[in-house]
Amino acid sequence: MRRASKLLPAFLFAILLIAVGVGAESAESQKGCKKPVYLTFDTGHMGVAELIAGVLQRQQVRVTFFAAQERTRAGDGSLGEHWAPWWRARAAEGHEFASHTLDHVYWHADVAGKVPGDAVRFRVRPSAGADEGRELVWEARQYCAQIAAASDRLAQLTGRPALPLFRAPGGKTSPALLAAAQDCGYAHVGWAAAGFLGDELPSEQYSNAALLKKALRDIRPGDILMAHLGIWSRKDPWAPGVLEPLIMGLKERGFCFRTLREHPAYRGWIDSRRPREN
């Protein structure tokens, strides 16, 4: 028994060395990864925000969050004071942040000027804020102000500037809208076809198992992936069943995870541009 007790610490130490070696190898392979993907999250009801944060911590994955001030299950909105500690913690972990328009404003259509040469305006509908649900017609400066307001709020919450990027709610845009946003300092970010992870689809028709299988089959290097921090309409929540298996499955296939700061299509824009005052 005495001999066994002397051998036990050495055995445990060997196990620890193996574990550390495996972890170091994994970290090193991630550094040299040739198959990056870019996981992004839009805000929502925030009901799975803590769960998602835990998965990202365990898996050592950094992502980009696109944030709007949306109605939530708890607190005063997704960019309210209730959620301020959550955003600060994500910034400390090295995640990146960008605008989703403060009031989650959907573009519906361009509105041509009355005479040639008039600036194009935009028919929009906010799904949050004082004008929630109202059909409005905005000038470019008004839409830009919405992008900037979310960026500014993120900077307040995280203590660092948001990326000069934005994502239009629903991914709905027009060439005129994209040009107007670029003129005020923001590039738009959509997602890959395979990167639509399906968390807003009805679970009665699209099970978590089916969504996971499809994502692991179809995602390719360079894809931007998109999910939410909570979707009101889906009965079987996506994140608890899919997020961690998806990350682990992609890692097993040689993929690594990067933020949009490192994306080749946006890296130059980010390095050379900063949002301007409107």
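Please return the longest stretch of the chain lacking exposed loop sites, where GluC sites (Glu not before Pro) count only if DSSP places them in a loop and at most 15 other Cβ atoms lie within 10 Å. Write out the running numbers ahead of the final one.
Values: sites that count: 93, 132, 135, 139, 204, 277.
In short, 1-92.
Using only Cα atoms, find the angle between the long axis of helix 208-218 and the longest principal axis of the chain, and express it within 0 to 90 degrees, rounded to the nearest 10. The answer is roughly 90 degrees. For region 143-184, the fraction of alpha-carbon pairs lying more than 14 Å apart is 49 percent, rounded to a whole number. Normalised by residue number, the volume inside the convex hull of the Cα atoms of region 25-165 is 136 Å³ per residue. For region 64-159, trypsin sites (Lys or Arg not before Pro) are listed when DSSP marks them as loop and at most 15 other Cβ atoms sit within 10 Å of their Cβ; the list is 73, 114, 134.
Scalar couplings 3J(HN,Hα) for region 239-249, obtained by applying the Karplus form with A = 6.51, B = -1.76, C = 1.60 to θ = phi - 60°, are 4, x, x, 10, 4, 5, x, 5, 4, 5, x Hz; x denotes Gly and Pro. Under a model in which nothing but the beta-carbon of Lys, Arg (+1) and Asp, Glu (-1) is charged, region 102-178 shows a dipole of about 140 debye around its Cα centre. Around the amide H of residue 97, modelled in the peptide plane, lie the amide H atoms of 65, 163, all under 5 Å away and 5 or more residues distant in sequence or on another chain. The residue among 264, 192, 171 whose Cα reaches farthest toward the positive pole of the charge dipole of region 146-278, with charges on the beta-carbon of Lys, Arg, Asp and Glu, is 264. With the highest mean first, a sort of the peptides 159-165, 146-152 on other beta-carbon atoms found within 10 angstrom per residue produces 146-152, 159-165. Each other residue within a Cβ distance under 13 Å of residue 169 adds +1 if Lys or Arg and -1 if Asp or Glu, for a net charge of -2. Of the labelled figures [x] 53, 22, 16; [y] 40, 20, 19; [z] 29, 26, 20, only one reflects semi-axes √(5λ) of the Cα gyration tensor in Å as derived from the coordinates, namely [y]. Net charge around residue 57, counting only other residues with Cβ within less than 14 Å of its Cβ (Lys, Arg = +1; Asp, Glu = -1)? Residues near residue 57 contribute 0 overall. Averaging the Cα positions of each part gives two centres, and for region 177-241 and region 33-104 these lie 14 Å apart.
Remark: the Cα gyration tensor places region 192-234 in the oblate category, a/c being 1.5 or greater and a/b not exceeding b/c. Once backbone amide H atoms are built at 1.01 Å from N, residue 42 has 66, 227, 228, 229 as its partners under 5 Å, excluding neighbours fewer than 5 places away on the same chain.
In terms of its C-alpha gyration tensor, region 192-278 comes out oblate, because a/c is 1.5 or above while a/b does not outweigh b/c.
Taking the Cα centre of the chain as the origin, how large is its charge dipole in debye, to the nearest 20, when only Lys and Arg (+1) and Asp and Glu (-1) carry charge on their Cβ atoms?
Charge dipole, the chain, about its Cα centre: 1020 debye, nearest 20.
Applying the Karplus relation 6.51 cos²θ - 1.76 cosθ + 1.60 with θ = phi - 60° to region 171-183 yields 3J(HN,Hα) values of x, 8, 8, 9, x, 5, 5, 4, 5, 5, 5, 5, 4 Hz, where x marks Gly and Pro.
Taking Cβ atoms as reference points and 12 Å as the exclusive limit, the residues near residue 233 contribute a net charge of -2, counting Lys and Arg as +1 and Asp and Glu as -1.
Helical content alone sets the calculated 222 nm signal of the chain at -12500 deg cm²/dmol, taking -39,500 (n - 2.57) per DSSP H segment of four or more residues and averaging over every residue. Most simply put, the chain has about 35% antiparallel DSSP beta bridges, counting only bridges with both residues inside it. About its Cα centre, region 84-126 has a charge dipole of approximately 160 debye under the convention of +1 per Lys or Arg Cβ and -1 per Asp or Glu Cβ, with nothing else charged.
Each reported figure results from applying straightforward, stated rules to the coordinates on display, with no laboratory input. Here the structure is a predicted model, which is why all the values come from computation and not from measurement. Ideal geometry is used to build each Cβ from the backbone, glycine not excepted, and the neighbour counts take in all protein chains shown.
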